[in-house]
Amino acid sequence: MTKFFSVLICFLTLIGANAQTESQRAFRDALPDSRTNMSVALEDGQGNKSMLPIVILKGAEPGPTFTWLAGVHGSEYAPIIATQQLLDEIDPGQLKGTLVILPLLNDGAFYGREAYINPVDGVNLNNAFPGDANGSITQRIAHSVTENIIPVSDFFLDIHCGDAPEDLLPFVCYYVDENRPQQTGLAKRLSDGSGFEYSVACPFNIDYEEPAKYAFKQAAQDGKTALSIESGRLGLVEKEAVDLVKTGVYNMLDLMGMYAEGSGPHPELKLLADQIYIDSTVQGIFYSDLKAGDRVLEGQEVGYTTDAFGRRLETYHAPKAGTVLYMLATPPINVEDTVMCISTKTLKN
Ligand SMILES: [Zn+2]
């Protein structure tokens, strides 16, 4: 029988220091086989507010701490809905270790129905890490995760999907940091065993002092085993994408010996690497006949942009052959938009 603890802790802070104390204390003091619901209130110097929900599921038996986030981007609904279902399904009585779950990290972007930025301050949370205790509200959300959540985590999973304008091939990805073979090896094991067909290796291409920008890159920089799931697209809540997120989380927990609900690796697992990006240099109306998952050839035309008079402004070609991981799939296009991400290398299993 699960003891159910629901603790609502609300406190306003201008500097985030109290939030750090309270959420870390809740993590430390959680009893075995319990659930703690916290709401951490943040406020910036302009009076902009954010409410950060945190769920701590403490297992009946000790073990590692596995953290996941949903909703870094406010219109990525499949990860958010999958997290709601997982919160309902997971029984702390069957769990070894602790789950720290942030089910809706960016409330301003979610309720404001914005794809990339938090409309409250115009900042992209996925560009804001490590954050700033004295910055705008989005920078304070990032800072709160960096200071309070990452330090207590052994494993850190940031769940995303294609944004509202993007089509996406579902995949799991992790950073390859040659200075940290243990974390890299474990992240690869979890990614390859996640049940996703595509496991993607990304180079850890910054030094340890540079701003990490992304949540799971911050966790990797801080020495954690960090991964990202990408499943879902175009602002939709598709059952297949939601189920795949859940499959990934359950398989990772099973591989860590934390929760025995895994279904095993995908039978046709493919390991991808060497991603390249095609960027727009113009604003206009975008066209492409492709979809995520398509194979493209080197030099192939993959799309084009016109102005409002229908005149072609820019044509996009694949610099190398590969698989389209994600792409813009709606007509508006702006300068510096990523038109397409192509994975150009398939590794041997
Ligand atoms: Zn995202």
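The values are calculated or read from the model by the stated rules, or taken from the named source; none is laboratory data. Because the structure is predicted, anything quoted here is derived from the model rather than measured. Every residue, glycine among them, receives a Cβ derived from its backbone with ideal geometry; neighbour counts consider all protein chains shown. Keep in mind that these areas ignore ligands, DNA and RNA; they rest on the heavy atoms of the full protein, side chains included. Shrake-Rupley method; radii C 1.70, N 1.55, O 1.52, S 1.80 Å.
Per residue, the chain exposes 44 Å² of solvent-accessible protein surface, assessed with a 1.4 angstrom probe and all protein chains in place. Summing charges over all other residues whose Cβ lies under 11 Å from the Cβ of VAL335, with Lys and Arg as +1 and Asp and Glu as -1, gives -4.
To the nearest 10 degrees, how steep is helix 17-29 against the longest Cα principal axis of the chain, on a 0 to 90 scale? Between the helix axis and the principal axis of the chain, the angle is about 70 degrees.
Note on exposure: LEU102, LEU297 ranked by accessible area (1.4 Å probe, complete protein assembly) read LEU297, LEU102, with the most exposed listed first. Find which of TYR277, LEU328, VAL296 sits farthest along the positive direction of the dipole of segment 274-347, computed with +1 on the beta-carbon of Lys and Arg, -1 on that of Asp and Glu, about the Cα centre. In segment 274-347, that residue is VAL296.
In whole angstrom, segment 91-207 maps to an equivalent ellipsoid with semi-axes of 26, 19, 17, each derived as √(5λ) from the alpha carbon gyration tensor and ordered largest first. Other residues within the sphere of radius under 14 Å centred on the Cβ of GLU209, judged by their own Cβ, net out at -1 (K and R +1, D and E -1). If you line up the long axis of helix 77-89 against the longest principal axis of the chain, both from Cα atoms, how many degrees apart are they, to the nearest 10? So the helix axis and the longest Cα principal axis differ by about 30 degrees. Taking θ as phi - 60° and the Karplus parameters 6.51, -1.76 and 1.60, the scalar couplings of segment 290-295 work out to 8, 9, 4, x, 5, 8 Hz in sequence order, x denoting glycine and proline. Charges were assigned to the Cβ only: +1 to each Lys and Arg, -1 to each Asp and Glu. The resulting dipole of segment 274-347 about its Cα centre is roughly 160 debye.
How big is the gap, in Å, between the Cα center of segment 273-349 and the Cα center of segment 147-209? Measuring centre to centre over Cα atoms gives 23 Å.
The apolar share of the surface of the chain, taken as the fraction of accessible area on carbon and sulfur atoms (1.4 Å probe, ligands and nucleic acids excluded), comes to 51 percent. Tally Lys/Arg at +1 and Asp/Glu at -1 over every other residue whose Cβ is under 9 Å from the Cβ of PRO64; what's the total? Within the 9 Å Cβ shell, the charges total 0. Taking the C-alpha atoms only, the angle from helix 181-192 to the longest principal axis of the chain is near 70 degrees. Contact order, relative form, for the chain: 15 percent (alpha carbon pairs under 8 Å, 6 or more residues apart, mean separation divided by residue count).
Structure remark: mean-square fluctuation, Gaussian network model of the chain, C-alpha springs under 10 Å; the largest value among LEU313, LEU271, LEU244 belongs to LEU313. For the chain, the 222 nm mean residue ellipticity estimated from helices alone, with every DSSP H stretch of n ≥ 4 adding -39500 (n - 2.57) and the total spread over all residues, rounds to -6500 deg cm²/dmol.
Mean sequence separation of contacting Cα pairs (under 8 Å, at least six apart), scaled by the length of segment 139-256, corresponds to a relative contact order of 38 percent. Of the GluC sites (Glu not before Pro) found in segment 66-121, not one falls in a DSSP loop while having at most 12 other beta-carbon atoms within 10 Å.
In this Cβ point-charge picture (+1 for Lys and Arg, -1 for Asp and Glu), segment 79-163 has a dipole of about 80 debye about its Cα centre. This model, with +1 at the C-beta of Lys and Arg and -1 at the C-beta of Asp and Glu, gives segment 142-187 a dipole about its Cα centre of some 180 debye.
Direction-averaged projected area, Cα convex hull, the chain: 17.4 nm², rounded to one decimal.
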